[in-house]
Amino acid sequence: MRSSINKTGLLTTFIVATSVLTTACSDQGAPSISASNETTGRWYSDQQVLLGKQVYDANCIDCHNPKARGTFKWKQPLEDGTYPPPPLNGSAHAWHHPISALMKTINDGGIEIGGKMPPFREVLKDDEKVAVIAYFQSFWNDEIYSRWQQRNQPK
């Protein structure tokens, strides 16, 4: 059985490797992901959360609403058959996805998965995308964040 220190190290390695692989073909280089925040025990730094808030406020807040709370009826399709923006604050399904899947949605948009979100591949730098993820993950309570960590550990 691995110790919790080894699990944390493996998760950090997985997050960094997944993010680097996800963005390896990007002209903008690999995203900046810190190894661990000593205060919170999470992968992101306070600086990433601050940058993420700025990027979120400039690009995401109009649809995903303040504090990443999404829309009230996000599970119900709109009249055109698309789905409204889901919460990203840990109260919906974003916490089920690894960083690589979150980056894919940010890069490619949500149209292929039934939403209206435009792609941000050419709009945001990779470190800004990672910072947005850090920002909305900062709203996740410890239980949700822990479940996300367990779910996304390499097998």
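Every number in this text was worked out from the coordinates using simple rules, so none of it is lab data. Computed from a predicted structure; not experimentally measured. With ideal geometry, Cβ positions are generated from the backbone for all residues, glycine too; neighbour counts draw on all protein chains shown.
Is there a residue in segment 85-93 that is touching a helix residue (DSSP H, G or I) at 6+ places or on another chain (Cβ under 9 Å) and either in a helix (DSSP H, G or I) or of a type in the set (Gly, Ala, Ser) (or both)?
yes
Would you confirm, using the coordinates I've provided, whether Gly115 is within 11 Å of the chain's Cα centre (by Cα) and either of a type in the set (Phe, Trp, Tyr) or part of a loop (DSSP other than H, G, I, E, B) (or both)?
Considered against the rule, which asks whether it is within 11 Å of the chain's Cα centre (by Cα) and either of a type in the set (Phe, Trp, Tyr) or part of a loop (DSSP other than H, G, I, E, B) (or both), Gly115 comes out as no.
Taking segment 128-144, which residues are buried (at least 19 other Cβ atoms within 10 Å of the Cβ) and of a type outside the set (A, V, I, L, M)?
Hits for segment 128-144 are Glu128, Lys129, Tyr135, Phe136, Gln137, Ser138, Trp140.
What are the pairs, 6+ residues apart or on separate chains, where a residue within segment 116-144 that is in contact (Cβ under 8 Å) with a residue 12 or more places away in the chain and at negative phi has its Cβ under 7 Å from a residue that is among the hydroxyl-bearing types (Ser, Thr, Tyr) and part of a loop (DSSP other than H, G, I, E, B)?
Lys116/Thr82; Asp126/Thr23; Asp126/Ser26; Asp127/Ser32; Val130/Ser32; Ala134/Tyr44; Gln137/Tyr44
Would you tally the residues in segment 118-150 being among the charged types (D, E, K, R), more than 17 Å from Lys53 (Cα to Cα) and either in contact with a Phe, Trp or Tyr (Cβ under 8 Å, 6 or more places away or on another chain) or not in a helix (DSSP H, G or I) (or both)?
3
Could you grab me the full set of residues in segment 50-70 that are of a type outside the set (D, E, K, R), assigned to a loop (DSSP other than H, G, I, E, B) and out of contact with any His (no Cβ under 8 Å at 6 or more places or on another chain)?
Residues satisfying the conditions are Cys60, Asn65.
Can you pull out every residue in segment 91-115 that is among the β-branched types (Val, Ile, Thr), closer than 19 Å to Gln137 by Cβ and free of Cβ contacts under 8 Å to residues at least 12 places away in the same chain?
Those that are among the β-branched types (Val, Ile, Thr), closer than 19 Å to Gln137 by Cβ and free of Cβ contacts under 8 Å to residues at least 12 places away in the same chain: none in segment 91-115.
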